[in-house]
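Before any comments, here is the structure.
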Amino acid sequence: MENGYEKYINLERYLNCFKYKGIPVGGTLADKFILADLHGVNSILNTLLDYVSELYGMFISLFARKKYFANTQIIATRLANKSHFNNMMNPLIDHFGKSLTLVINPAIKDVYPGVQTISIKDTFKTNARDIFSIIGLYLKIKFKLISKRRRLKLSYKEVFYYSICLLHQIRIISFYYLQFKTRKILPKVILTEFDRNNIASPLILAAKYFNIPTVTLVHGIFDKYGFVPVLANYIYCFGNEQKKQLIDLKVPESRIKVTGTSIIRELDQQLYRTESNFDKKFIVCLGINPISKIDIDWMLETILKVKKRLDNIELIIKLHPSQNKNAFIRYENIKNNIRVLASNEIDNMALFQMIDLLIVHNTGLGIEAMLNNVLVAILDIPGTDLGMGIKMVEKGGAPLLKDDRDIQKFIDEILTDKDYKIRLKQNEKVFAREYYYATGADAVKNIVTEIETLLFAS
(Lines give C-alpha, C1' and ligand atoms only; values in the text may rest on other atoms or scores of the structure.)
Protein backbone atom coordinates (compact mmCIF):
# COMPACT_ATOMS: atom_id res chain seq x y z
CA MET A 1 0.00 0.00 0.00
CA GLU A 2 2.93 2.34 0.65
CA ASN A 3 3.58 2.74 -3.07
CA GLY A 4 -0.10 3.35 -3.76
CA TYR A 5 -0.66 5.67 -0.80
CA GLU A 6 0.06 8.92 -2.65
CA LYS A 7 -2.01 7.78 -5.62
CA TYR A 8 -5.08 7.06 -3.48
CA ILE A 9 -4.76 10.21 -1.39
CA ASN A 10 -4.55 12.29 -4.57
CA LEU A 11 -7.54 10.46 -6.02
CA GLU A 12 -9.60 10.98 -2.85
CA ARG A 13 -8.76 14.69 -2.82
CA TYR A 14 -9.67 15.01 -6.48
CA LEU A 15 -12.98 13.23 -6.00
CA ASN A 16 -13.78 15.47 -3.03
CA CYS A 17 -14.05 18.32 -5.55
CA PHE A 18 -17.30 16.66 -6.65
CA LYS A 19 -20.21 17.19 -4.30
CA TYR A 20 -23.70 15.82 -4.16
CA LYS A 21 -26.01 18.46 -2.65
CA GLY A 22 -22.92 20.05 -1.10
CA ILE A 23 -21.50 16.78 0.32
CA PRO A 24 -18.02 15.73 -0.95
CA VAL A 25 -17.96 12.17 -2.26
CA GLY A 26 -14.25 11.20 -2.31
CA GLY A 27 -14.04 9.91 1.27
CA THR A 28 -16.77 7.34 0.63
CA LEU A 29 -14.31 5.19 -1.35
CA ALA A 30 -11.67 4.92 1.39
CA ASP A 31 -11.95 1.19 1.99
CA LYS A 32 -12.31 0.52 -1.74
CA PHE A 33 -8.83 2.01 -2.24
CA ILE A 34 -7.33 -0.22 0.45
CA LEU A 35 -9.01 -3.37 -0.87
CA ALA A 36 -8.00 -2.51 -4.43
CA ASP A 37 -4.37 -2.21 -3.36
CA LEU A 38 -4.48 -5.61 -1.62
CA HIS A 39 -6.57 -7.57 -4.12
CA GLY A 40 -6.85 -5.44 -7.26
CA VAL A 41 -10.04 -3.96 -8.72
CA ASN A 42 -12.88 -6.02 -10.12
CA SER A 43 -12.75 -7.30 -13.66
CA ILE A 44 -14.51 -5.30 -16.36
CA LEU A 45 -17.21 -7.97 -16.50
CA ASN A 46 -17.90 -7.84 -12.74
CA THR A 47 -17.91 -4.04 -12.79
CA LEU A 48 -20.35 -4.09 -15.70
CA LEU A 49 -22.61 -6.41 -13.71
CA ASP A 50 -22.39 -4.00 -10.77
CA TYR A 51 -23.41 -1.16 -13.11
CA VAL A 52 -26.47 -3.08 -14.29
CA SER A 53 -27.29 -3.87 -10.66
CA GLU A 54 -27.10 -0.17 -9.71
CA LEU A 55 -29.43 0.86 -12.56
CA TYR A 56 -31.83 -1.94 -11.68
CA GLY A 57 -31.70 -0.92 -8.00
CA MET A 58 -32.63 2.66 -8.87
CA PHE A 59 -35.51 1.44 -11.03
CA ILE A 60 -36.84 -0.84 -8.27
CA SER A 61 -36.54 2.07 -5.85
CA LEU A 62 -39.32 3.84 -7.72
CA PHE A 63 -41.76 1.24 -6.38
CA ALA A 64 -40.14 0.36 -3.04
CA ARG A 65 -41.54 1.55 0.24
CA LYS A 66 -39.14 4.01 1.84
CA LYS A 67 -38.19 3.72 5.51
CA TYR A 68 -37.40 6.71 7.69
CA PHE A 69 -35.44 7.18 10.88
CA ALA A 70 -37.22 7.39 14.20
CA ASN A 71 -36.74 10.60 16.16
CA THR A 72 -33.93 9.36 18.38
CA GLN A 73 -31.00 11.30 19.79
CA ILE A 74 -28.36 8.93 18.41
CA ILE A 75 -27.92 7.16 15.08
CA ALA A 76 -25.33 4.38 15.20
CA THR A 77 -24.08 1.66 12.86
CA ARG A 78 -23.52 -2.06 13.23
CA LEU A 79 -21.27 -2.91 10.31
CA ALA A 80 -20.10 -6.49 10.75
CA ASN A 81 -20.73 -9.51 12.95
CA LYS A 82 -17.17 -9.78 14.25
CA SER A 83 -16.14 -10.11 17.88
CA HIS A 84 -14.22 -6.83 18.06
CA PHE A 85 -17.12 -4.88 16.51
CA ASN A 86 -19.59 -6.66 18.82
CA ASN A 87 -17.50 -5.76 21.86
CA MET A 88 -17.39 -2.12 20.78
CA MET A 89 -21.02 -1.53 19.91
CA ASN A 90 -23.18 -3.91 21.94
CA PRO A 91 -22.42 -2.32 25.35
CA LEU A 92 -23.23 1.13 23.90
CA ILE A 93 -26.44 -0.15 22.32
CA ASP A 94 -27.43 -1.68 25.67
CA HIS A 95 -26.70 1.59 27.47
CA PHE A 96 -28.51 4.03 25.18
CA GLY A 97 -31.33 1.66 24.20
CA LYS A 98 -34.43 3.55 23.04
CA SER A 99 -32.40 6.74 22.53
CA LEU A 100 -30.73 5.11 19.56
CA THR A 101 -31.54 4.19 15.96
CA LEU A 102 -29.35 1.44 14.57
CA VAL A 103 -28.31 1.22 10.91
CA ILE A 104 -27.67 -2.50 10.78
CA ASN A 105 -26.07 -4.90 8.34
CA PRO A 106 -28.72 -7.58 7.62
CA ALA A 107 -25.98 -10.23 7.86
CA ILE A 108 -25.97 -9.57 11.61
CA LYS A 109 -28.63 -11.72 13.22
CA ASP A 110 -28.47 -10.13 16.68
CA VAL A 111 -31.75 -8.84 18.10
CA TYR A 112 -31.84 -5.53 19.96
CA PRO A 113 -35.14 -5.29 21.89
CA GLY A 114 -36.54 -1.77 22.11
CA VAL A 115 -33.96 -0.36 19.67
CA GLN A 116 -35.12 1.19 16.40
CA THR A 117 -33.34 -0.47 13.46
CA ILE A 118 -33.01 0.22 9.76
CA SER A 119 -31.28 -2.14 7.34
CA ILE A 120 -28.44 -0.86 5.19
CA LYS A 121 -30.48 -2.21 2.27
CA ASP A 122 -33.02 0.53 2.98
CA THR A 123 -30.29 3.11 2.42
CA PHE A 124 -29.99 1.87 -1.18
CA LYS A 125 -33.56 2.97 -1.97
CA THR A 126 -33.21 6.07 -4.09
CA ASN A 127 -35.78 8.84 -4.13
CA ALA A 128 -37.28 9.22 -7.62
CA ARG A 129 -36.58 12.97 -7.68
CA ASP A 130 -32.86 12.33 -7.16
CA ILE A 131 -32.24 9.72 -9.85
CA PHE A 132 -31.38 12.13 -12.68
CA SER A 133 -29.09 14.28 -10.50
CA ILE A 134 -27.28 11.15 -9.29
CA ILE A 135 -26.76 9.79 -12.80
CA GLY A 136 -25.71 13.24 -13.99
CA LEU A 137 -23.01 13.50 -11.29
CA TYR A 138 -21.88 9.93 -11.98
CA LEU A 139 -21.40 10.67 -15.69
CA LYS A 140 -19.59 13.92 -14.91
CA ILE A 141 -17.18 12.13 -12.56
CA LYS A 142 -16.61 9.30 -15.01
CA PHE A 143 -15.70 11.59 -17.90
CA LYS A 144 -13.51 13.76 -15.66
CA LEU A 145 -11.64 10.66 -14.46
CA ILE A 146 -11.10 9.62 -18.06
CA SER A 147 -9.71 13.06 -18.95
CA LYS A 148 -7.45 13.09 -15.84
CA ARG A 149 -6.58 9.41 -16.09
CA ARG A 150 -2.86 9.82 -16.76
CA ARG A 151 -2.35 12.46 -14.09
CA LEU A 152 -4.19 10.32 -11.52
CA LYS A 153 -2.33 7.19 -12.71
CA LEU A 154 -5.53 5.26 -13.39
CA SER A 155 -6.20 2.50 -15.89
CA TYR A 156 -9.49 2.46 -17.79
CA LYS A 157 -10.53 -0.52 -15.68
CA GLU A 158 -9.94 1.52 -12.50
CA VAL A 159 -11.87 4.50 -13.91
CA PHE A 160 -14.85 2.26 -14.66
CA TYR A 161 -14.64 0.48 -11.29
CA TYR A 162 -14.29 3.58 -9.08
CA SER A 163 -16.98 5.53 -10.93
CA ILE A 164 -19.47 2.66 -10.44
CA CYS A 165 -18.53 2.47 -6.75
CA LEU A 166 -19.24 6.18 -6.49
CA LEU A 167 -22.61 5.77 -8.19
CA HIS A 168 -23.58 3.43 -5.36
CA GLN A 169 -22.17 5.72 -2.66
CA ILE A 170 -23.90 8.81 -4.06
CA ARG A 171 -27.20 6.93 -3.90
CA ILE A 172 -26.59 6.33 -0.17
CA ILE A 173 -25.66 9.99 0.36
CA SER A 174 -28.95 10.99 -1.26
CA PHE A 175 -30.83 8.72 1.17
CA TYR A 176 -29.22 10.29 4.23
CA TYR A 177 -29.55 13.82 2.84
CA LEU A 178 -33.30 13.32 2.45
CA GLN A 179 -33.56 11.77 5.92
CA PHE A 180 -31.96 14.76 7.59
CA LYS A 181 -33.52 17.37 5.31
CA THR A 182 -37.06 16.28 6.11
CA ARG A 183 -36.64 15.85 9.87
CA LYS A 184 -37.98 18.53 12.18
CA ILE A 185 -35.60 17.46 14.93
CA LEU A 186 -32.12 16.29 13.93
CA PRO A 187 -30.27 13.57 15.87
CA LYS A 188 -27.67 14.87 18.30
CA VAL A 189 -24.89 12.34 17.66
CA ILE A 190 -23.87 9.94 14.89
CA LEU A 191 -21.73 7.00 16.10
CA THR A 192 -19.89 4.42 13.99
CA GLU A 193 -17.30 1.70 14.46
CA PHE A 194 -15.27 2.89 11.47
CA ASP A 195 -15.96 6.10 9.56
CA ARG A 196 -13.94 5.18 6.46
CA ASN A 197 -16.00 2.10 5.81
CA ASN A 198 -18.22 2.34 2.73
CA ILE A 199 -21.36 1.75 4.82
CA ALA A 200 -20.63 4.44 7.41
CA SER A 201 -18.87 7.13 5.36
CA PRO A 202 -21.97 8.44 3.49
CA LEU A 203 -23.83 8.71 6.83
CA ILE A 204 -20.94 10.55 8.49
CA LEU A 205 -20.44 12.98 5.60
CA ALA A 206 -24.16 13.74 5.25
CA ALA A 207 -24.48 14.32 9.01
CA LYS A 208 -21.51 16.72 8.99
CA TYR A 209 -23.22 18.73 6.24
CA PHE A 210 -26.15 19.22 8.65
CA ASN A 211 -23.77 20.07 11.54
CA ILE A 212 -24.63 16.92 13.50
CA PRO A 213 -21.68 15.85 15.71
CA THR A 214 -20.12 12.62 14.42
CA VAL A 215 -17.97 10.07 16.25
CA THR A 216 -15.88 7.14 15.07
CA LEU A 217 -14.38 4.46 17.27
CA VAL A 218 -11.12 2.61 16.56
CA HIS A 219 -11.16 -1.13 15.96
CA GLY A 220 -7.43 -1.87 15.76
CA ILE A 221 -3.95 -0.51 15.25
CA PHE A 222 -3.61 1.86 12.34
CA ASP A 223 -1.20 3.50 10.00
CA LYS A 224 -1.45 6.44 7.67
CA TYR A 225 -3.73 4.87 5.08
CA GLY A 226 -6.11 3.02 7.40
CA PHE A 227 -7.89 5.62 9.51
CA VAL A 228 -6.94 9.00 8.04
CA PRO A 229 -8.13 11.40 6.85
CA VAL A 230 -10.60 11.05 9.73
CA LEU A 231 -14.08 11.80 8.34
CA ALA A 232 -15.92 12.14 11.65
CA ASN A 233 -15.69 15.17 13.94
CA TYR A 234 -14.21 13.05 16.72
CA ILE A 235 -12.21 9.85 16.95
CA TYR A 236 -12.09 7.85 20.23
CA CYS A 237 -8.81 5.97 20.42
CA PHE A 238 -7.13 3.27 22.50
CA GLY A 239 -4.58 5.38 24.35
CA ASN A 240 -1.90 8.04 24.21
CA GLU A 241 0.23 6.07 21.72
CA GLN A 242 -2.59 6.21 19.18
CA LYS A 243 -3.26 9.85 20.00
CA LYS A 244 0.36 10.66 19.18
CA GLN A 245 0.07 8.70 15.92
CA LEU A 246 -3.03 10.65 14.93
CA ILE A 247 -1.40 14.00 15.73
CA ASP A 248 1.62 12.97 13.66
CA LEU A 249 -0.82 12.22 10.83
CA LYS A 250 -2.13 15.82 11.05
CA VAL A 251 -5.37 15.10 12.91
CA PRO A 252 -6.15 18.14 15.14
CA GLU A 253 -5.74 17.27 18.81
CA SER A 254 -9.16 18.75 19.59
CA ARG A 255 -10.78 15.98 17.54
CA ILE A 256 -9.03 13.13 19.39
CA LYS A 257 -10.45 11.63 22.59
CA VAL A 258 -8.54 9.00 24.56
CA THR A 259 -11.14 6.56 25.91
CA GLY A 260 -9.57 3.12 25.70
CA THR A 261 -11.37 0.29 23.96
CA SER A 262 -14.06 -2.17 24.98
CA ILE A 263 -12.73 -4.63 22.37
CA ILE A 264 -10.14 -5.77 24.88
CA ARG A 265 -10.56 -7.45 28.24
CA GLU A 266 -8.04 -9.35 30.32
CA LEU A 267 -8.30 -13.10 30.90
CA ASP A 268 -9.02 -14.64 34.24
CA GLN A 269 -5.66 -15.71 35.69
CA GLN A 270 -6.95 -19.27 36.11
CA LEU A 271 -7.38 -19.59 32.33
CA TYR A 272 -3.71 -19.04 31.48
CA ARG A 273 -1.78 -22.01 30.13
CA THR A 274 0.70 -23.25 32.72
CA GLU A 275 4.28 -24.44 32.38
CA SER A 276 3.18 -28.06 32.77
CA ASN A 277 1.31 -27.80 29.47
CA PHE A 278 4.54 -27.10 27.56
CA ASP A 279 5.96 -30.58 28.14
CA LYS A 280 2.89 -32.15 26.56
CA LYS A 281 2.39 -29.79 23.63
CA PHE A 282 3.84 -26.40 22.70
CA ILE A 283 1.39 -24.39 20.62
CA VAL A 284 2.66 -21.66 18.29
CA CYS A 285 0.24 -19.27 16.58
CA LEU A 286 1.12 -17.25 13.49
CA GLY A 287 -1.14 -14.18 13.33
CA ILE A 288 -1.50 -12.87 9.78
CA ASN A 289 -2.47 -9.31 8.92
CA PRO A 290 -3.79 -8.13 5.51
CA ILE A 291 -0.54 -7.50 3.65
CA SER A 292 0.53 -8.49 0.14
CA LYS A 293 0.25 -12.13 -0.93
CA ILE A 294 4.03 -12.31 -1.48
CA ASP A 295 4.70 -11.26 2.11
CA ILE A 296 2.03 -13.56 3.54
CA ASP A 297 3.49 -16.48 1.58
CA TRP A 298 6.96 -15.64 2.96
CA MET A 299 5.58 -15.69 6.54
CA LEU A 300 3.88 -19.03 5.97
CA GLU A 301 6.89 -20.64 4.28
CA THR A 302 9.14 -19.45 7.11
CA ILE A 303 6.97 -20.85 9.90
CA LEU A 304 6.48 -24.13 8.01
CA LYS A 305 10.25 -24.61 7.87
CA VAL A 306 10.30 -24.37 11.65
CA LYS A 307 7.37 -26.76 11.98
CA LYS A 308 9.15 -29.30 9.81
CA ARG A 309 12.19 -29.31 12.09
CA LEU A 310 10.27 -29.18 15.39
CA ASP A 311 7.74 -31.99 15.40
CA ASN A 312 6.80 -31.36 19.04
CA ILE A 313 5.03 -28.06 18.28
CA GLU A 314 1.48 -27.54 17.12
CA LEU A 315 0.90 -24.69 14.68
CA ILE A 316 -2.17 -22.48 14.44
CA ILE A 317 -2.51 -20.01 11.56
CA LYS A 318 -4.86 -17.25 12.76
CA LEU A 319 -6.38 -15.13 10.01
CA HIS A 320 -7.27 -11.44 10.09
CA PRO A 321 -11.04 -10.66 9.99
CA SER A 322 -10.68 -9.47 6.38
CA GLN A 323 -9.18 -12.79 5.20
CA ASN A 324 -11.05 -15.79 3.77
CA LYS A 325 -10.19 -19.22 5.16
CA ASN A 326 -10.62 -20.87 1.75
CA ALA A 327 -7.43 -19.14 0.57
CA PHE A 328 -5.42 -20.80 3.36
CA ILE A 329 -7.12 -24.12 4.02
CA ARG A 330 -4.53 -26.02 1.97
CA TYR A 331 -2.03 -25.57 4.82
CA GLU A 332 -4.08 -27.89 7.03
CA ASN A 333 -3.41 -30.67 4.56
CA ILE A 334 0.39 -30.28 4.61
CA LYS A 335 1.02 -32.00 7.90
CA ASN A 336 -0.67 -32.99 11.15
CA ASN A 337 -0.87 -30.44 13.95
CA ILE A 338 -1.52 -27.47 11.65
CA ARG A 339 -4.82 -25.63 12.00
CA VAL A 340 -6.15 -22.59 10.15
CA LEU A 341 -8.62 -20.49 12.16
CA ALA A 342 -10.71 -17.66 10.70
CA SER A 343 -11.76 -14.79 12.96
CA ASN A 344 -15.39 -15.93 12.93
CA GLU A 345 -14.38 -19.37 14.21
CA ILE A 346 -12.67 -18.30 17.40
CA ASP A 347 -12.72 -15.28 19.69
CA ASN A 348 -9.33 -13.79 20.52
CA MET A 349 -9.81 -14.54 24.20
CA ALA A 350 -10.39 -18.23 23.44
CA LEU A 351 -7.32 -18.21 21.19
CA PHE A 352 -5.14 -16.79 23.97
CA GLN A 353 -6.20 -19.62 26.29
CA MET A 354 -4.93 -22.14 23.72
CA ILE A 355 -1.51 -20.86 22.69
CA ASP A 356 1.97 -20.50 24.19
CA LEU A 357 3.59 -18.22 21.62
CA LEU A 358 2.14 -15.73 19.14
CA ILE A 359 4.25 -14.63 16.17
CA VAL A 360 3.06 -11.56 14.26
CA HIS A 361 4.37 -8.94 11.86
CA ASN A 362 2.23 -5.84 12.42
CA THR A 363 -1.18 -6.47 13.96
CA GLY A 364 -3.12 -5.39 17.01
CA LEU A 365 -3.54 -9.06 17.90
CA GLY A 366 0.03 -8.91 19.23
CA ILE A 367 -0.63 -6.12 21.75
CA GLU A 368 -3.89 -7.72 22.85
CA ALA A 369 -2.04 -11.01 23.41
CA MET A 370 0.64 -9.23 25.45
CA LEU A 371 -2.06 -7.85 27.75
CA ASN A 372 -3.36 -11.38 28.23
CA ASN A 373 -0.03 -12.88 29.28
CA VAL A 374 0.73 -14.57 25.96
CA LEU A 375 4.35 -14.39 24.82
CA VAL A 376 4.68 -12.43 21.54
CA ALA A 377 7.50 -12.28 19.00
CA ILE A 378 7.74 -10.10 15.88
CA LEU A 379 8.62 -11.56 12.48
CA ASP A 380 10.48 -9.08 10.28
CA ILE A 381 9.49 -9.55 6.63
CA PRO A 382 12.32 -8.44 4.32
CA GLY A 383 11.71 -5.08 2.66
CA THR A 384 8.54 -4.23 4.60
CA ASP A 385 7.59 -1.64 7.21
CA LEU A 386 7.06 -3.17 10.65
CA GLY A 387 4.60 -0.43 11.66
CA MET A 388 3.41 -1.12 15.22
CA GLY A 389 5.60 -4.20 15.21
CA ILE A 390 8.63 -2.01 15.86
CA LYS A 391 6.84 -0.41 18.84
CA MET A 392 6.24 -3.88 20.27
CA VAL A 393 9.98 -4.54 19.93
CA GLU A 394 11.33 -1.20 21.16
CA LYS A 395 8.81 -0.48 23.93
CA GLY A 396 7.49 -3.94 24.74
CA GLY A 397 10.75 -5.85 24.48
CA ALA A 398 9.31 -8.40 22.04
CA PRO A 399 12.02 -10.39 20.25
CA LEU A 400 12.58 -9.45 16.60
CA LEU A 401 12.97 -12.58 14.49
CA LYS A 402 14.45 -12.43 10.99
CA ASP A 403 13.99 -15.96 9.62
CA ASP A 404 13.17 -19.58 10.44
CA ARG A 405 16.50 -20.10 12.21
CA ASP A 406 15.76 -17.18 14.53
CA ILE A 407 12.31 -18.60 15.30
CA GLN A 408 13.69 -22.04 16.07
CA LYS A 409 16.43 -20.63 18.29
CA PHE A 410 13.91 -18.48 20.18
CA ILE A 411 11.57 -21.42 20.79
CA ASP A 412 14.48 -23.48 22.11
CA GLU A 413 15.43 -20.62 24.46
CA ILE A 414 12.01 -20.15 25.99
CA LEU A 415 11.54 -23.90 26.44
CA THR A 416 14.84 -24.25 28.30
CA ASP A 417 15.01 -20.91 30.17
CA LYS A 418 11.73 -20.27 31.97
CA ASP A 419 13.05 -17.15 33.75
CA TYR A 420 13.86 -15.57 30.37
CA LYS A 421 10.33 -16.28 29.16
CA ILE A 422 8.78 -14.84 32.33
CA ARG A 423 10.81 -11.62 32.01
CA LEU A 424 9.73 -11.21 28.39
CA LYS A 425 6.07 -11.65 29.31
CA GLN A 426 6.31 -9.13 32.13
CA ASN A 427 7.91 -6.48 29.91
CA GLU A 428 5.37 -7.05 27.16
CA LYS A 429 2.46 -6.78 29.55
CA VAL A 430 3.72 -3.47 30.98
CA PHE A 431 3.83 -2.06 27.43
CA ALA A 432 0.31 -3.36 26.65
CA ARG A 433 -1.15 -1.81 29.79
CA GLU A 434 0.36 1.53 28.83
CA TYR A 435 -0.91 1.18 25.25
CA TYR A 436 -4.53 0.74 26.36
CA TYR A 437 -5.77 3.70 28.42
CA ALA A 438 -8.72 1.56 29.51
CA THR A 439 -10.30 -1.74 28.49
CA GLY A 440 -13.61 -3.54 28.86
CA ALA A 441 -16.24 -1.93 31.10
CA ASP A 442 -13.92 0.95 32.07
CA ALA A 443 -13.56 1.92 28.41
CA VAL A 444 -17.34 1.69 27.91
CA LYS A 445 -17.84 4.17 30.76
CA ASN A 446 -15.35 6.58 29.17
CA ILE A 447 -17.03 6.35 25.75
CA VAL A 448 -20.51 6.81 27.25
CA THR A 449 -19.30 9.89 29.14
CA GLU A 450 -17.91 11.46 25.95
CA ILE A 451 -21.11 10.75 24.01
CA GLU A 452 -23.31 12.12 26.79
CA THR A 453 -21.20 15.28 26.78
CA LEU A 454 -22.07 15.74 23.11
CA LEU A 455 -25.75 15.02 23.77
CA PHE A 456 -25.97 17.64 26.49
CA ALA A 457 -24.03 20.18 24.43
CA SER A 458 -26.41 19.90 21.45
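Odds and ends about this structure:
- Leading residue by the ranking (farthest from Asn362 (Cα to Cα)) among those in region 317-348 that are in contact with a Leu (Cβ under 6 Å, 6 or more places away or on another chain) and in a strand (DSSP E or B): Ile338
- The helices (runs of 4 or more DSSP H) falling completely within region 364-458 that include 1 or more residues that are touching a Ser or Thr at 6+ places or on another chain (Cβ under 7 Å) map to 404-416, 440-457.
- The listed residue being touching a residue at least 40 places away in the same chain (Cβ under 8 Å) and buried (at least 20 other Cβ atoms within 10 Å of the Cβ), out of Ile185, Ile131, Ile164: Ile164
- Of the residues Phe85, Phe132, Phe143, the single one that is within 15 Å of Ala200 (Cβ to Cβ), assigned by TED's automatic domain parsing to the domain that holds Lys19 and assigned to a helix (DSSP H, G or I) is Phe85.
- Positions within region 134-157 being closer than 16 Å to Lys19 by Cβ and either exposed (fewer than 14 other Cβ atoms within 10 Å of the Cβ) or touching a strand residue (DSSP E or B) at 6+ places or on another chain (Cβ under 9 Å) (or both), in sequence order: Ile134, Gly136, Leu137, Leu139, Lys140
- Residue in region 386-403 that is closer than 30 Å to Ala76 by Cβ and either outside the structural domain of Ile294 (by TED's automatic domain parsing) or not aromatic (Phe, Trp, Tyr) (or both) present: yes
- Of Ala80, Ala107, Ala128, Ala76, all but one fail to be in contact with a Leu (Cβ under 8 Å, 6 or more places away or on another chain), of a type in the set (A, V, I, L, M) and under 30 Å from Asn348 (Cβ atoms); the exception is Ala76.
- For the criterion of being assigned to a helix (DSSP H, G or I) and surrounded by fewer than 24 Cβ atoms within 10 Å (Cβ to Cβ), Ile247 passes.
- Hits in region 88-103 - residues which are in contact with a Ser or Thr (Cβ under 7 Å, 6 or more places away or on another chain), part of a helix (DSSP H, G or I) and of a type in the set (S, T, N, Q): Ser99
- Residue check, Pro106 surrounded by fewer than 15 Cβ atoms within 10 Å (Cβ to Cβ) and out of contact with any Ser or Thr (no Cβ under 8 Å at 6 or more places or on another chain): no
- Lys429 vs. criteria under 30 Å from Thr216 (Cβ atoms) and touching a residue at least 12 places away in the same chain (Cβ under 8 Å): yes
- Qualifying residue in region 420-429 (condition: modelled with pLDDT under 95, crowded, with 23+ Cβ neighbours inside 10 Å, under 29 Å from Leu246 (Cα atoms) and in contact with a helix residue (DSSP H, G or I) (Cβ under 8 Å, 6 or more places away or on another chain)): no
- Leading residue by the ranking (surrounded by the fewest Cβ atoms within 10 Å (Cβ to Cβ)) among those in region 12-49 that are in contact with a Phe, Trp or Tyr (Cβ under 6 Å, 6 or more places away or on another chain) and in a helix (DSSP H, G or I): Thr47
- Test: Arg65 is among the basic types (Lys, Arg) and surrounded by 19 or more Cβ atoms within 10 Å (Cβ to Cβ): no
- Single residue of region 180-217 satisfying the filter (out of contact with any strand residue (DSSP E or B) (no Cβ under 9 Å at 6 or more places or on another chain) and not in a loop (DSSP other than H, G, I, E, B)) that is nearest to Ile93 (Cα to Cα): Phe180
- Near pairs, Cβ below 6 angstrom, 6+ apart or cross-chain, from region 50-64 (in the same structural domain as Glu158 (by TED's automatic domain parsing)) to any residue that is of a type in the set (Gly, Ala, Ser) and loosely packed, with under 13 Cβ neighbours inside 10 Å: Leu62/Ala128
- Ile294 vs. criteria loosely packed, with under 14 Cβ neighbours inside 10 Å, modelled with pLDDT of 90 or more, farther than 25 Å from Asp442 by Cα and among the aliphatic types (A, V, I, L, M): yes
- Taking first residues from region 4-27 that are free of Cβ contacts under 8 Å to residues at least 60 places away in the same chain and partners that are surrounded by fewer than 16 Cβ atoms within 10 Å (Cβ to Cβ) and in a helix (DSSP H, G or I), the Cβ contacts under 7 Å between residues at least 6 apart in sequence or on separate chains come to Gly26/Arg13.
- Conditions (1) of a type in the set (A, V, I, L, M, F, W, C); (2) touching a strand residue (DSSP E or B) at 6+ places or on another chain (Cβ under 9 Å); (3) at pLDDT 95 or above; (4) surrounded by fewer than 18 Cβ atoms within 10 Å (Cβ to Cβ); number of the one not met by Val52: (2)
- Exclusive hit being under 17 Å from Ser83 (Cβ atoms), in the same structural domain as Leu424 (by TED's automatic domain parsing), touching a helix residue (DSSP H, G or I) at 6+ places or on another chain (Cβ under 6 Å) and of a type outside the set (Val, Ile, Thr), set Leu371, Leu375, Leu351, Leu365: Leu371
The values are calculated or read from the model by the stated rules, or taken from the named source; none is laboratory data. Predicted model only: the values in this text are computed from it and were never measured. Every residue, glycine as well, gets a Cβ built from its backbone with ideal geometry; the counts of neighbours run over all protein chains shown.
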